[in-house]
Amino acid sequence: MSALPSHARVVIIGGGAVGASALYHLAKASWTDCVLLEKNELTAGSTWHAAGNVPTFSSSWSIMNMQRYSASLYRELGALVDYPMNYHVTGSIRLGHSKERLQEFKRVVGMGRYQGMDLDILTPDEMRGKYPFLETHDLTGALYDPYDGDIDPAQLTQALAKGARDMGAKIFRFCPATGARRDGDEWVISTPQGEIRCEKVVNAAGYYAREVGKWFGRDVPMMVMSHQYILFEEIPELAAWSKEAGHKLPLLRDVDSSYYLRQEKTGMNLGPYERNCKAHWVTPDDPMPDDFSFQLFPDDLDRLEWYLNDAVERVPILGTAGLSRMINGPIPYAPDGNPLIGPMPGVPNAYEACVFTFGICQAGGAGKVLAEWVTEGETEWDMWSCDPRRYTSFAANKDYCIAKGMEIYGHEYAMHFPKHAWPAGRDQKLSPIHDRIAALGAQFKPYNGWERAMWYARPGDDTSEESTQTWNREGPWRPRIEEECRAVTEAAGILDLPGFSRFRVKGEGATAWLSTLTTGKLPKPGRIGLAYFADDKGRIVTEMSVMMLAEDFFFLITAATAQWHDLEWLQKHLPKDAAFTIDDVTDAFSCQILSGPNSRAILADVSDADLSKGWLTHQSCQIAGRWCQLVRVSFAGELGWEIHTKIEDTAAIFDAVWEAGQKHGLKPFGMEALDSLRIEKGYRAWKGDLSTDYTVLQGGLDRFVDWAKPDFKGKAALEREKQQGVSKRFVLLTVEAGDCDAPYMSTLWHGGQVVGETTSGNWGYRVGKSIALGMLRADLAIAGTEIEVEIYGDRFKAVVQPDGPLFDPNNERLRA
Ligand SMILES: Cc1cc2nc3c(=O)[nH]c(=O)nc-3n(C[C@H](O)[C@H](O)[C@H](O)COP(=O)(O)OP(=O)(O)OC[C@H]3O[C@@H](n4cnc5c(N)ncnc54)[C@H](O)[C@@H]3O)c2cc1C
C-alpha cells in the first residue's frame, strides 16, 4: 500500500457505501485529489450486512429524487466502472390496507411519474398476477414500483471505490482517523500512519458519526437501533415458480404491518421494523465499543414473532420454510429518520454524509448531493430534508435522539398525516406562556423544538391521535380553525409564536453589506420589510423580515427552523475585516401575533404606543410597564402587530393584552388558522413555496428585486433570466377540491400534460375556497387559465388567480 499523502483537497472519514459514493462523485466532478480513510476494510460498518433493498418510494420529493438517482446509477454502474455486480431489479409491491394508504400511494405515484418513473397502482387481482403466493382478501390495493430491487451492498461499495480510484482518488483501508484539528485554513486529520492535511473534510462514519463529530466540536444528533432480517431456506414451490417464470418475485412490503419480504435465491428474506424495537449503545451497561467492524448483535427472534406470523398469513408458502440465518446489525437514526448530508453546522469546510437509515438505496444520490455541497457550495435539488442544519443544539440531547429514533423505527412505514403530531420527544422548548395557552385548549406541534399551538380545542372535542389519521380537511379541528379565522377577521386573535429566529446585525458597514445579500431595497430606520436572499443562480435561499432600528443596526427575523441555516448564510458572507457583528439573539426574545380589526383598540388600552403609525413600521413601547417592540405587520393579512418581548416579560405582556382583549372579542388562534389566512394572501412559506428549487423570479418576487442596485448576490443570473423569460412562474390557484386540499408537490395538469406542481395548499375560510400555491409553466400563468390539480390521485379543476392576494387584494385591511 502506498504511503498516506501529506495533503489532499478532501478527506472522507468512513468507507461504507456512502463514503465510497461521496469519493466517486467528487472524482467525477474532477476533484480527484481526494482521500478516503477507512478504519477497517471497506463496508465494515452497517454496509456489509445490509439487505440491499433499493426502493425509489418516498413521500418526500427530495428523498425520492435521491433514491431515483441511486437506482438509475446502479443500473449502469457495473458497466461504467467495469465492476459487475449483483443487482436484481425485481420491482416491488407495497400493500395497502386502508383508503388512507391508497391515497398516500396515489400521491407518491403522481410525484414519481413527475420524476419520470412509471409507478402504478395495482388491484388485488393485478397483485396476484405478479405475486401468485399472496393473500389479498383484506387489501385495498398496492403501489407497484418497477425500479425497486436489491443490490449486493459490498459489491456496490467496491464498484464505487473502483470507479473513484480509476479516476485518481485514493483509499486507505485499515487507516482510522483518530482526531482532527484546525491549522490556519486547513484541517489536519491524524491517523496511525501520520497526519494528512486537507481543505475540506467529510464525516461519513456511519454509526460512529457522533464520535467523529466530537473532534470538530459538533454534537451529531443521532442514536443507534438494532435492525434484523431473517433468511429462510429453500421453498420448493417458490423455486419451481421462479424457474418457470425466469425471474424472482417482486419484493413485498406490507407497510401497515411493517415489514418487507423478499425472495432470496430460492428462499426468502423477512425484514420487520418492529414496534417493540431496541436501541443499542444507549445505556452505561451497553457502551458503544471502540470497534464493531464486521460484527453483529445477538439474534432476537422473539421481537419479530408477530411479524413472522403475519408474513406467513400473507404469503403462506413462507410457513413451510426453515429458518436459515438471522442478521442483527446497527443502523443509525437521526431524530426524523433522514440522513445528514451537507455542511457541518458551525464548522468551516467540514461536511456530513452520515446517519443513514437507508444508506444503500440512498448512497448514489447522497454522493451526488455531498459532492455538490463540497465542490459548489450548493446543490442541484433543494435538500433541506437532509440538511444537517435543520436541527439545532437541543436535538443532540441523547434522550431526545433515543425517543425520536425509536419512534421513527417503530413507525418506519407510517403515514405522515398533516394534522398529526408525533408524540415522542416533546416539550423540548416551551414558551413562557405555554401553560396559559395549554389551559385555553392549545393542541401543540414542535417547530425547531418550540411547542406552538396548532389549534384550540374546546372541552369535548376529540383530540386523540386516532382522529388525526386522515388526509381530509374535515376533522374535530375544522370548526375550531374556522372560528379562529373568523375571530381574526371580525374581532382579534392572538397567536403565541415562540422561537422566531432573530439575528442582530450592528456596526459600521452593516447596511452596505446587507444590501449586497438581499435582492431588494432595505427598509429605512423605523421600518420593516421582507428581504429575499438569492444564491449565485438567483435561486431563493431564504426570506427574512428586516427591521432597521438605526443606520447600520438591524434585527433580522426568520423562521424557527431556519435558525442555523440562515445564520450560517449570513456568517459565510461576512467580510473578513467587517466592523459590524452578527449575533443570534433568538433565545432572548419571544413574540405574540395580535391580528384583527380590534387589535388597535386592544393595544390602545394597554400600551403607550403611537398606534397611528402605518403598515410596515415598528416602534418601542411599554405594555404592563415592560418594554416591547411593536411591529405593524400581519402574516394573517389583517390590521395587526407583532409584539416582540424580552423572554422574561412575555407572560406579563400577554396577560395584559389578553385581559384587555376580552371586551374586544380577543380569541387565541393557532398555526393552522395562520396558514389558512396567509395562503389567502398568497404569502409564501419557507421550504415549501420558497426553496432553492425556484429562482426569485420564478417565485413571482419581482417586486422585491431592486434592479437599480449596483450589485447583489444573484443579480447577474436574475438579469439573464429576466431577459430570457422565466420557464415557470408562481401562481395562486383556487381549486374545486374534494375532501382534501392539495398537498405539497401535487401535479398540475393542462391538455393531458403535467405543467407544474403545487408548493402548498389549504382551505381559505375567509374566501370559502380551497387554495393552492404552485409553480406553473410560464405561458399558462395567466389569470383565468383553467387547469387541473391532481390531489391524492384524483384531478380537480383549478383556476389561475390574478397576481396578488385573493383576499383583500389592495391590502386595505392591513393598512387600516
Ligand atoms: C440488518 C440491516 C439491514 C439493512 N438493509 C438495508 C436495505 O435493505 N437498504 C438500505 O438502503 N439500507 C439498509 N440498511 C441500512 C444500511 O446498512 C446503512 O444505512 C448504510 O450501510 C450506511 O452506510 P454508511 O456508509 O453511511 O455507513 P457505514 O456502512 O456504517 O460506514 C461507515 C464506515 O466508517 C468507518 N469508520 C468509522 N469511524 C471511522 C474512523 N474514525 N476512521 C475511519 N473510518 C471510520 C466504519 O468502519 C465504516 O466502514 C440496513 C441495515 C441493517 C442493520
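One residue is enough: does the stretch 76-86 have a residue meeting the conditions within 28 Å of the chain's Cα centre (by Cα), part of a helix (DSSP H, G or I) and modelled with pLDDT of 95 or more? Steps first, please.
Applying the first criterion (within 28 Å of the chain's Cα centre (by Cα)) to the stretch 76-86 yields none.
For the stretch 76-86, residues within 28 Å of the chain's Cα centre (by Cα), part of a helix (DSSP H, G or I) and modelled with pLDDT of 95 or more: absent.
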In the stretch 3-34, residue nearest to Leu231 (Cα to Cα) [restricted to those that are outside any helix (DSSP H, G or I) and near the ligand (Cβ under 6 Å from one of its atoms)]: Gly16
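Considering only the stretch 253-279, state which residues are of a type in the set (S, T, N, Q) and over 22 Å from Val224 (Cα atoms). Step through it out loud before you land on a result.
As a first pass, look at the stretch 253-279 and keep what is of a type in the set (S, T, N, Q): 257-258, 263, 266, 269, 276.
Hits for the stretch 253-279 are Ser257, Gln263, Thr266, Asn269.
Residues to consider are Val726, Val789; find the one that is assigned to a strand (DSSP E or B) and either among the hydrophobic types (A, V, I, L, M, F, W, C) or within 22 Å of Met671 (Cα to Cα) (or both).
Details: Val726 fails: assigned to a strand (DSSP E or B).
Step by step, each of Val726, Val789 is checked, and only Val789 is assigned to a strand (DSSP E or B) and either among the hydrophobic types (A, V, I, L, M, F, W, C) or within 22 Å of Met671 (Cα to Cα) (or both).
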Total residues in the stretch 484-526, condition closer than 12 Å to Phe554 by Cα, touching a strand residue (DSSP E or B) at 6+ places or on another chain (Cβ under 6 Å) and outside any loop (DSSP other than H, G, I, E, B): 8
Residues being within 14 Å of the ligand (Cβ to nearest atom) and either under 17 Å from Leu73 (Cβ atoms) or loosely packed, with under 15 Cβ neighbours inside 10 Å (or both) - total across the stretch 175-193: 4
Filter pass, Asn86 being polar (S, T, N, Q) and either under 21 Å from Val369 (Cα atoms) or within 13 Å of the ligand (Cβ to nearest atom) (or both): no
Test set (1) of a type in the set (A, V, I, L, M); (2) under 29 Å from the mean Cα position of the chain (by Cα); (3) within 6 Å of the ligand (Cβ to nearest atom) - Leu37 fails condition number: (2)
Residue under evaluation Pro316, criteria (1) within 26 Å of Leu134 (Cβ to Cβ); (2) in contact with a Ser or Thr (Cβ under 9 Å, 6 or more places away or on another chain); (3) of a type outside the set (Val, Ile, Thr); (4) touching a residue at least 60 places away in the same chain (Cβ under 8 Å), criterion not met: (2)
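Just to verify a result, which residue in the stretch 201-215, among those that are aromatic (Phe, Trp, Tyr) and either surrounded by 24 or more Cβ atoms within 10 Å (Cβ to Cβ) or in contact (Cβ under 8 Å) with a residue 60 or more places away in the chain (or both), is farthest from Cys401 (Cα to Cα)?
Among those residues, the one meeting the criterion is Tyr208.
In the stretch 88-115, what count of residues is obtained for those that are hydroxyl-bearing (Ser, Thr, Tyr) and over 30 Å from Ser242 (Cβ atoms)?
Applying the first criterion (hydroxyl-bearing (Ser, Thr, Tyr)) to the stretch 88-115 yields 90, 92, 98, 114.
Going one step further and asking which of them are over 30 Å from Ser242 (Cβ atoms), we end up with 98, 114.
Count: 2.
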Output for the stretch 630-645, where each listed residue is touching a Pro at 6+ places or on another chain (Cβ under 9 Å), on the phi < 0 side of the Ramachandran plot and not in a strand (DSSP E or B): Glu638, Leu639
Residue tally, condition assigned to a strand (DSSP E or B) and more than 29 Å from Glu199 (Cα to Cα), over the stretch 330-350: 2
Selected residue (only one of Met64, Met127 is under 18 Å from Met745 (Cβ atoms) and at pLDDT 95 or above): Met64
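From the list Met111, Met66, exactly one residue is part of a helix (DSSP H, G or I) and either within 15 Å of the ligand (Cβ to nearest atom) or among the acidic types (Asp, Glu) (or both). Which is it?
Just a single option satisfies the conditions, and that option is Met66.
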Filter result for the condition that a residue is among the acidic types (Asp, Glu), within 16 Å of the ligand (Cβ to nearest atom) and buried (at least 22 other Cβ atoms within 10 Å of the Cβ), over Asp254, Asp300: Asp254
Within the stretch 128-144, considering residues that are of a type in the set (A, V, I, L, M) and in contact with a Leu (Cβ under 6 Å, 6 or more places away or on another chain), the one surrounded by the fewest Cβ atoms within 10 Å (Cβ to Cβ): Leu139
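Listed here are the residues, each with its yes/no results for (1) modelled with pLDDT of 95 or more; (2) within 16 Å of the ligand (Cβ to nearest atom); (3) not in a helix (DSSP H, G or I).
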{"site": "Cys361", "(1), (2), (3)": "yes, yes, no"}
{"site": "Gly367", "(1), (2), (3)": "yes, yes, no"}
{"site": "Glu380", "(1), (2), (3)": "yes, no, yes"}
{"site": "Ala395", "(1), (2), (3)": "yes, no, no"}
{"site": "Ile408", "(1), (2), (3)": "yes, yes, no"}
{"site": "Phe417", "(1), (2), (3)": "yes, no, yes"}
{"site": "Gln443", "(1), (2), (3)": "yes, no, yes"}
Test result for Glu474, touching a residue at least 40 places away in the same chain (Cβ under 8 Å), of a type outside the set (A, V, I, L, M, F, W, C) and in contact with a helix residue (DSSP H, G or I) (Cβ under 8 Å, 6 or more places away or on another chain): no
Within the stretch 687-704, considering residues that are part of a helix (DSSP H, G or I) and of a type in the set (D, E, K, R), the one farthest from Glu757 (Cα to Cα): Arg703
Subset of the stretch 570-596 [small (Gly, Ala, Ser) and more than 25 Å from Ile623 (Cβ to Cβ)]: Ala578, Ala579
Scan of the stretch 646-686 for residues that are within 32 Å of the chain's Cα centre (by Cα), farther than 27 Å from Pro802 by Cβ and assigned to a loop (DSSP other than H, G, I, E, B), ordered by number: Phe669, Gly670
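Please work out if Ile327 is closer than 23 Å to Glu412 by Cβ, within 16 Å of the ligand (Cβ to nearest atom), in contact with a helix residue (DSSP H, G or I) (Cβ under 8 Å, 6 or more places away or on another chain) and not in a loop (DSSP other than H, G, I, E, B).
Working: closer than 23 Å to Glu412 by Cβ: yes; within 16 Å of the ligand (Cβ to nearest atom): yes; in contact with a helix residue (DSSP H, G or I) (Cβ under 8 Å, 6 or more places away or on another chain): no; not in a loop (DSSP other than H, G, I, E, B): yes.
So Ile327 does not fit the description; no.
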Residue ID - surrounded by the most Cβ atoms within 10 Å (Cβ to Cβ), chosen from residues in the stretch 334-359 that are over 23 Å from Ala8 (Cβ atoms) and near the ligand (Cβ under 10 Å from one of its atoms): Val355
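Report yes if Ala51 is within 28 Å of Gln115 (Cα to Cα), surrounded by 24 or more Cβ atoms within 10 Å (Cβ to Cβ), near the ligand (Cβ under 8 Å from one of its atoms) and at pLDDT 95 or above, otherwise no. Before you say what the answer is, go through the steps one by one.
Numbers: within 28 Å of Gln115 (Cα to Cα): yes; surrounded by 24 or more Cβ atoms within 10 Å (Cβ to Cβ): no; near the ligand (Cβ under 8 Å from one of its atoms): yes; at pLDDT 95 or above: yes.
Here the answer is no, as Ala51 does not meet what is asked.
Looking for whichever is at negative phi and assigned to a helix (DSSP H, G or I) here; the options are Arg94, Arg101. Which one fits? If you could, list the steps in order and put the result at the bottom.
Values: Arg94 fails: assigned to a helix (DSSP H, G or I).
So the residue among Arg94, Arg101 that is at negative phi and assigned to a helix (DSSP H, G or I) is Arg101.
The values are calculated or read from the model by the stated rules, or taken from the named source; none is laboratory data. On a predicted model such as this, the values are computed, not experimentally measured, just so you know. As a convention, Cβ positions derive from the backbone with ideal geometry for all residues, glycine included, and neighbour counts pool all protein chains shown.
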